[in-house]
Structure formats: structure tokens, C-alpha cells
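Remarks on the structure that follows.
The values are calculated or read from the model by the stated rules, or taken from the named source; none is laboratory data. Quantities reported herein were computed from a predicted structural model and do not represent experimental measurements. Here the Cβ positions follow ideal geometry from the backbone for every residue, glycine too, while neighbour counts run over all protein chains shown. These accessible areas exclude ligands, DNA and RNA; they are computed on the full protein's heavy atoms, side chains included. Shrake-Rupley method; radii C 1.70, N 1.55, O 1.52, S 1.80 Å.
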Amino acid sequence: MSTVTDVVDELRVLESEAVHIIREVVAELERPVLLFSAGKDSIVLLRLAEKAFRPSPLPFPVLHVDTGHNFEEVIEFRDRRIKEGGHTLLVASVQDSIDQGRVQESTETSGSRNRLQTRTLLDALEGGRFDAAFGGARRDEERARAKERVLSFRDEFGQWDPRAQRAEPWSLYNGRIRRGESVRVFPLSNWTELDIWRYIAQEELELPPIYFAHERRVFERDGMLLAASEFSTDTENAAATTEWVRYRTVGDLTITGAVRSHATTIDDVVTEISAATVSERGETRADDRTSVAAMEDRKREGYF
């Protein structure tokens, strides 16, 4: 049986590995950026980046790809967290991409702006001349992400080829890139959802309140509880009921499902996750249900 000391030691090993990755990338690449959604994984990633360079400020900015369909609590937290940390926040807007004709918004009832983020992200990386982007993805989230290396190389078009990845023996990372190429970096690759929550507890990190159980107006679509909002149809909002729910992941509110829960503390959430048999994305992300290879298809195009 594992003890509290075992868990703490395991988290310190994961923390040390992530800090090492962040420092290595900053040493090898010229213009990194950290992707920040104000979700739990990116909150942990930001804390690790701060630890990697303290007491100096972060040597790179923080980038949020904003769909415009956000949970208000998350945006409020994003702005406050970045301000308190003294970091530089860049916001890449999907709405701007739509207005500029770079992408076309879906007119389907169940359509979301999630896939549109890819073009907005690629434009932001190109515009900022960023050659490395830190992300909070974990291998346990989804099968396509399980295929990805810690350093995920992208061609001059920002696209990913899962068959052309570099080996990383003994945690040795080769960050050399050709002109026009870039790399996505995932320091949390070896973490699990449970590791994330235990680290949040250990570091006493603040989270947006939607991660804890609260009463919210939700409606059911395809077996998933979605938030009633101005982006839902009148019929869906009319069918909404008030339920005790929380969110396991943060994203575009039009496709991010809630789970019924009364977990109001971190300990409650850890207990709930320990008993879960479905991954967070499998249970709460409608965009991953469009096909078996939905995430992999998006990643090939340049998605996170």
C-alpha cells in the first residue's frame, strides 16, 4: 500500500522531470511560448514554469487561444492569475479569425468553434515567430495523445506526422529544428489526471470554481450534460434543468460536458477520480465523439 510519502516523492519526480524539460527547451529553442487555457493542466504547467526560472520572470509569454464561447469563471481566473504572476498574456481570438475570413463558422446546431482553434493557433505561432509551444496535454487523456512524444515536431505548415517522431531514449531530447519547423512540448506527458489533482493539493493551487460541484443549468445532448447559455438553442435552454455538477476539463462551453457530482473539495475530487472508469475527455468532450480518430485528425492539422 502506498503512503503519503510515496505519493509526494512520486510527484517530486514528475515535477523534476517537467522542470528539466522546460529548461532544456528554453536553452535549445529561440522563441518559446506557453499555451494557457486556465484549465487545471495548464495551471500546473504554469506553476512548473515559474519554478523552473524563479526568482526570474518567465522568459516567454503566455498564449490563450480564445474561442469566444467561454465559461465566465475561467476567463476571470485567467486574467487574475496572469496578472498576479506578472506574466505577459497574448490572446489569439477565433472570432478574429472568423471576421478575417480565415475560418468559417459551422451553422449546425451541435457545431462548435473547437476545431477552428487550429487555424487561430497556427496563425498566432507564425505571427509571433514562436518555434516552441509548451502545452499541458497528457498521454492518459486520449489515444492520439498517447502516441505523442514529449517533444512533438511539426513541419513548416504546423502539421504533425505520428510516424515521423524522434526517439527519446533515457529522457534525452533532441530539440534541433529546420527553418520553418516548430515543436510542441508536453512536460506533463507522463502525468495522470490523479497526479494533476494531487499536485494541485500539494501546491495549494487555485482553480476556477467550475472544477468543483455547484448548481448549474444544464441540458442533455447525446448523453452529455452541456451548459445552458446564449450559444445553445432556445429549445435546449428551455429543456435545461438545474443540477449539481462539476467539470473535469475546461474548454469551449458548447462541447464541454459536465458530470453529476457533489465533490466540493480537492479531497472529494481525488476520491471521485480514483473510482472513475472513463477518461476525462471520453466522458466530457463532445468533439472527441465525432469519430474514433477525431483527435488524431485534428492533431495532424496542427491542433494542440
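What the table shows:
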quantity: Principal axis dimensions, largest first and in whole angstrom, of segment 17-56 by Cα; calculated: 27, 20, 19
quantity: At q = 0.12, 0.15, 0.24, 0.25 Å⁻¹, base-10 log of I(q)/I(0) for segment 1-103 (Debye sum, equal scatterers on each alpha carbon); calculated: -0.51, -0.74, -1.27, -1.32
quantity: GluC sites (Glu not before Pro) lying in DSSP loop within segment 176-242, provided at most 10 other Cβ fall within 10 Å; calculated: 204, 230
quantity: Relative packing of peptides 244-256, 118-130 - highest average C-beta neighbours within 10 Å first; calculated: 244-256, 118-130
quantity: Within the accessible area of segment 147-268 (1.4 Å probe), percent carbon and sulfur; calculated: 47
quantity: Square roots of five times the Cα gyration tensor eigenvalues for segment 50-116, Å; calculated: 30, 14, 9
quantity: Convex hull volume of segment 189-273 per residue (C-alpha atoms, cubic angstrom); calculated: 104
quantity: Taking only Cα atoms of segment 118-277, radius of gyration then Dmax in Å; calculated: 19.2, 56
quantity: Integer Hz, Karplus 6.51/-1.76/1.60 couplings in order for segment 235-249, x for Gly and Pro; calculated: 5, 5, 5, 5, 8, 5, 10, 8, 9, 7, 9, 8, 10, 8, 8
quantity: Pairwise Cα inverse-distance average, inverted: Kirkwood Rh of segment 224-274 (Å); calculated: 12.1
quantity: Amide H contacts of residue 90 (H built 1.01 Å from N, under 5 Å, at least 5 apart or other chain); calculated: 62, 63, 64
quantity: Computed label-point distance, nm, for sites residue 156 and residue 99 using a 7 Å Cα→Cβ extension; calculated: 3.2
quantity: Contour minus Cα-Cα distance for residue 72 and residue 233 (0.36 nm per residue); calculated: 56.1 nm
